[in-house]
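Notes follow once the structure below has been shown.
The values are calculated or read from the model by the stated rules, or taken from the named source; none is laboratory data. The shown structure was predicted, so the numbers you read here are calculated from the model rather than taken from an experiment. Virtual Cβ from ideal backbone geometry, glycine too; neighbours counted across all protein chains shown. Note: accessible area is taken over every heavy atom of the protein model, side chains too, but ligands, DNA and RNA are not part of it. Shrake-Rupley method; radii C 1.70, N 1.55, O 1.52, S 1.80 Å.
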Amino acid sequence: MRKALRGVLSLAVLIGTVSATGASAGAATAAEPTAKQSSGSTSSSESSSEDIKDRILAIPGMSLIQEKPYPGYRYFVLNYTQPIDHKRPSKGTFQQRITLLHKDTSRPTVFFTSGYNVSTNPSRSEPTQIIDGNQVSLEYRYFTPSRPAPADWSKLDIWQAASDQHRVFTALKKIYSENWLTTGGSKGGMTATYFERFYPKDMDGVVAYVAPNDVVNKEDSAYDRFLARVGTKECRDRLSGVQREALVRREPLEKKYEAYAAESGYTFNTVGSLDKAYEAVVMDYVWAFWQYSMLADCEAIPADAAKATDQEIWDSIDGIAGFSAYADQGLGTYTPYYYQAGTQLGSPDIKQPWLGGLSRYGYQPPRTFVPRDIPMKFQPSAMRDIDSWVRNNARHMLYVYGENDPWGAEPFRLGRGARDSYVYTVPGGNHGSKVAGLVADEKANATAAILRWAGVAPAAVEADPAKAKPLAKFDARLDKRDVELERDQGTLRP
């Protein structure tokens, strides 16, 4: 992996040609009439000269899919021409979706990625609200429609994805010249970290939420220790009881699953059989509860699973783990994630000893969930490199975890080489943990750091971090935090 792009000249020529010839069939240069906002959404320089949309579309390779109105902002859904291989940019391009929530070029900008698909509805990440800035959101390469055709899966790796971000940042920095932060939750937090590792001079700060750090893929005992003590014994017993019953009653519940699959049109070619898909869902059940639920939600779990009806067991497993998850129709969207988990990111392999000998397949590896015509080979050095870099080189990096989130069992840690960087944990928090959920002093310190890195910390906050608070008011539509989770119930994905 290299930190510098090669072939810049040939790439510029190539992208200019693609843009001029309209090679992207999915990108319309004027899909809808624009809806300009009048509530302070443009700076004085913008209003007196070139419109912000014109400036954005003047970037070579940038095209407009749609503009959507939102009070106080301009919101654009865009396509950007990217090289399939940043090391050999002459070997072809693809269209990558971007959204841009524009407030003002005089404000700082947050670069958000979920690590999955991009939402095409306006939203703000927590750092964007805190700094009252612009937000650029990027769809991760190979998540459709941001996928080359045909797809060379060997070009789906963390360096190529970081290079996608670097090119977008480089293009937009000419317009948005104030400070930039990068952020994301879960796989998005991992993505933000990898971007910083490969392009440490781009961003002024990193805010990574609930980001797993599976340094040694074959050693996962941290997850087993976590699941043995998370929450309360009563809650753990309820969950393990339901999970056991789901395997004890495999025959009647699989008949129900077969009928459900037939009615829904589900197939199981990728995993190989309905039986393997059924068990994979059941094996996710305990993990998925702690990932997405709160301790108080345990009251809804049957207290005595042995006396529960088949329907009650089914409903509990389906409501938390989701029986559609490992059907071909549920897996297809997430093939890029499972590919990365099986080639670089790593994945948990937990024991769940309370199941005894009821499991036929154990925790199934990512290879199970990727079509067999896509080759995969694991690269154990990838995460070791990232972990070492963060420990020794972190600058202006903030990690937020949830106390009850199993993905936090293997977190990022800071070493002696880290500077102005922090790792905080939300008490009782799950996979949706945010700065807002931290204890008071950590919340204030984290908020002050974000403001400082963005270059917008008020003098009062510089003098006393305890006075730090978001600069923008909460907006119930823009600030829906579940937008960042990319939650598809129950599947074991960060």
Multiply the residue separation of residue 249 and residue 381 by 0.36 nm, subtract the distance between their alpha-carbon atoms, and state the gained length in nm to one decimal. 43.3 nm
Considering only DSSP beta bridges whose two residues both sit in the chain, what percent are antiparallel, to the nearest 5? 50 percent
About its Cα centre, the chain carries a charge dipole, from +1 on Lys and Arg Cβ atoms and -1 on Asp and Glu Cβ atoms, whose size in debye to the nearest 20 is 1520 debye
Sorted by mean Cβ packing within 10 Å, highest first, what order do the peptides 192-205, 302-315 take? 192-205, 302-315
Sorted by chain and number, the residues with a modelled amide H under 5 Å from that of residue 116, at a separation of 5 or more or across chains, are 140
Per its Cα gyration tensor (rounded if a/c is under 1.5, else prolate when a/b beats b/c, else oblate), region 387-468 is best filed as oblate
Chain lengthening between residue 440 and residue 216 when straightened (0.36 nm per residue, less Cα-Cα): 77.2 nm
Honestly region 276-328 on the Cα gyration tensor test (a ≥ b ≥ c root eigenvalues; a/c under 1.5 rounded, otherwise a/b vs b/c for prolate or oblate) is just oblate
In whole Hz, what ³J(HN,Hα) sequence does region 95-108 give by Karplus (6.51, -1.76, 1.60; θ = phi - 60°), x for Gly and Pro? 9, 10, 6, 9, 10, 9, 9, 9, 10, 5, 5, 7, 9, x
Say each of residue 87 and residue 360 gets a label point 7 Å from the Cα, pointing the same way as Cα to Cβ; how far apart are those two points in nm? 4.2 nm
Subtracting the Cα-Cα distance from 0.36 nm times the residue separation, let me have the gained length for residue 307 to residue 416 in nm, one decimal. 33.8 nm
Mind checking the angle between helix 440-454 and the chain's longest principal axis? C-alpha axes, 0 to 90 degrees, to the nearest 10. 40 degrees
Contact order relative to length for the chain, counting C-alpha pairs under 8 Å separated by 6 or more residues, stands in percent at 16 percent
In whole Hz, what ³J(HN,Hα) sequence does region 354-364 give by Karplus (6.51, -1.76, 1.60; θ = phi - 60°), x for Gly and Pro? 5, 8, x, x, 6, 7, 8, 10, x, 6, 7
Please name whichever of 445, 474, 418 sits farthest to the positive end of the charge dipole of region 342-492, dipole taken about the Cα centre and charges placed at Cβ: Lys and Arg +1, Asp and Glu -1. 418
HN-Hα J couplings of region 280-288 from phi, Karplus 6.51/-1.76/1.60, θ = phi - 60°, integer Hz, Gly and Pro as x? 4, 5, 4, 5, 7, 4, 5, 4, 4
Ignoring any ligand, DNA or RNA, what whole percent of the accessible area of the chain comes from carbon and sulfur when the probe is 1.4 angstrom? 51 percent
Using a Förster radius of 60 Å, what is the FRET efficiency between residue 55 and residue 260 based on their Cβ-Cβ separation? Nearest 0.05, please. 0.70
Among 180-189, 349-358, 71-80, 327-336, how do they line up by average Cβ neighbours within 10 Å per residue, starting with the highest? 180-189, 71-80, 327-336, 349-358
Before I look further, what does the chain give for accessible area per residue, probe 1.4 Å, in whole square angstrom? 40 Å²
Residue 92 long-range amide H proximity, modeled H, under 5 Å: 84
Dipole in debye (nearest 20) - region 99-211, about Cα centre, beta carbon charges: Lys, Arg +1; Asp, Glu -1: 180 debye
Quick check on region 338-414: take the gyration tensor over C-alpha atoms, sort the square-rooted eigenvalues as a ≥ b ≥ c, and tell me if it's rounded (a/c under 1.5), prolate or oblate. oblate
Enumerate the aspartates and glutamates that residue 473 could reach by cross-link, defined here as Cα to Cα under 13 Å, with residues fewer than 8 away along the same chain left out. 126, 132
Pick out, from 292, 280, 186, the residue whose Cα sits farthest towards the positive end of the charge dipole of the chain, with +1 on the Cβ of Lys and Arg and -1 on the Cβ of Asp and Glu. 186
How many lysine pairs in region 38-189, separated by 8 or more positions in sequence or lying on different chains, have Cα atoms less than 15 Å apart? 8
